[in-house]
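Please treat every number below as a calculation from the coordinates, not as lab data. This is a predicted model, so every value here is computed, not measured. Heads up, the Cβs are rebuilt from the backbone with ideal geometry, glycines too, and the neighbour counts pull from every protein chain shown.
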Amino acid sequence: MTNSIITGWGKCLPPTVLTNHDLESLVDTNDDWITSRTGIKERRISHVGTAELATLAGKRALAAAGIEATDVDLVSVATCTPDMLIPSAASLVQDALGATNAGAIDQNAACSGFLYGLITASGMVQAGVIDTALVVGAERLTYFIDFTDRGTAVLFGDGAGAVVVQATDEPGGLKASDMGSDGSVANILWAPGSGTATNRMELQRNHHLQAIAMNGPEVFKRAVKAMGDSAADVVAKAGWDLDDVDLLIPHQANVRIIDATARRLQLDPAKVFVNIASYGNTSAATIPIALTEALESRRVTPGAKIVFAAFGAGLSWAAAAWEFGSRVEPLGTTDEELPPTDGNVMTLLADNFAYYGGGPAT
Ligand code: ACO
């Protein structure tokens, strides 16, 4: 069987920062609570759409792989916050990249979406169906955040990350995977007014219906169990000992969930990649952003045995045992950037305040 390795990686974080101190002026919370209960210090708010974030992350991943957009057979975008329902975010990204030989598909498994995309694209490469895929996780979650709800307002941020997966004879790539779902408790994390089940008159009366709503403690309990079980499952399926694992790159939702997953794998904290302080929970984007930063900071060594694990709305979860290839340096870079913004976070959020209510205390 052909192997599928990651040959390129990239991220796109919009520049505007919403700090915990900024949130203190929006909702009844404080930096100490947010830091100790979640590990988050700040998050990014995007001034561009999801597809634009995804496209720039994709361009950076293609440059790192040293390939052209026309070499890509499949553009897979994991997102639960696309610019629009039709067409897919992936088609917008395919066009913006000039990936004229690629098919394009969105995958919505919320925070687990990137791993669903990585596992399915790698499976297609291993089966010989395609040679090269661009797998993106991109979100503009803050569009759906009601900043009067302190249970969600402090958690989420915007961003995108991407990898290029390519066929190779070199050893490495996907060694084992696990994907799961439990839709019976879908309503503990949802945005119920965001689809065709919505009564439009009801939505007109109650805009809060469209915001992301969550029963935090219920999600927390299930996340700890599902991420830990799924991660342990792929280590066993890959035939690895726990000692073999070089790095855990978990979904960044809450540092306490990450710590519990690491404990389940009996991992030394030095083997766990955590960047939640800077970006919060960017849903499908957290893992490709974290992988990119792990490579940039030389935490990924040639042939490294990596465990990816994620959990999110659905409920959904996934994990992968992944052996990195021999190249951990990018082949190239691009100097493209997002269009400029004045960076005033409260101005950027003015639409949210107008729609859902709230805004800075004066
Ligand atoms: N600031 C200050 N106090 C707060 C805040 C806040 N932002 N939020 C809640 N509190 C208060 C509560 O009101 C409660 O006060 P009380 O004891 O007086 O009633 C107290 O803090 C404890 O509240 P809990 O909700 O029990 O706090 P918990 O420790 O569970 O932390 C949190 C809440 C951070 C949301 C946690 O439950 C969590 O991380 N859940 C998982 C979220 C997640 O993983 N989502 C992943 C998927 S996202 C996706 O798929 C798109």
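The relative contact order of segment 69-218 comes to 21 percent, based on Cα pairs under 8 Å that sit 6 or more residues apart. A P(r) calculated from all alpha carbon pairs of segment 1-158, with 10 Å bins opening at zero, reads 11, 36, 29, 17, 7, 0 percent. Computed from Cα positions, the angle between helix 216-237 and the longest principal axis of the chain comes to roughly 0 degrees.
Nearest-5 percent of antiparallel DSSP beta bridges in segment 3-171?
70 percent
Asn275 sits among other residues whose Cβ lies under 14 Å from its own Cβ, and their net charge, with Lys and Arg +1 and Asp and Glu -1, is +2.
For segment 36-42, putting each phi into the Karplus relation 6.51 cos²θ - 1.76 cosθ + 1.60 with θ = phi - 60° gives couplings of 6, 8, 10, x, 8, 10, 7 Hz, in residue order, rounded to whole numbers and with x for Gly and Pro. Rg and Dmax of the chain, based on Cα coordinates, read 19.3, 63 Å.
Net charge dipole, segment 3-171: roughly 140 debye, given to the nearest 20, about the Cα centre with Cβ charges of +1 for Lys and Arg and -1 for Asp and Glu. Its alpha carbons considered, segment 188-257 gives a radius of gyration followed by a Dmax of 18.4, 57 Å.
Quarter the surface of the alpha carbon convex hull of segment 8-64 and you get the mean projected area, 4.9 square nanometres. Bridging of Lys59 to lysines at a Cα separation below 18 Å is possible for Lys11, once same-chain residues fewer than 8 apart are set aside. Spread over its residues, the convex hull of the C-alpha atoms of segment 175-323 is 117 Å³ per residue.
Where does each of 189-200, 95-106 land if you order them by average Cβ count within 10 Å, highest first?
So the order, starting with the most tightly packed, is 95-106, 189-200.
Looking at Ile34, His21, Trp9, which one has the Cα that reaches farthest to the positive end of the dipole of segment 8-49 (charges on Cβ: Lys, Arg +1; Asp, Glu -1)? Towards the positive end, the residue furthest out is Trp9. When you restrict to C-alpha pairs under 8 Å that are six or more residues apart and normalise by the size of the chain, the relative contact order lands at 26 percent. Here the residues Val164, Val272, Val129, ranked from fewest to most Cβ neighbours within 10 Å of their Cβ, fall in the order Val129, Val272, Val164. Using only side-chain charges placed at the Cβ, +1 for Lys and Arg and -1 for Asp and Glu, the dipole size of the chain relative to its Cα centre rounds to 720 debye.
Which whole-number percentage describes the relative contact order of segment 134-216, with Cα contacts under 8 Å and a sequence gap of 6 or more? Computed value for segment 134-216: 33 percent relative contact order.
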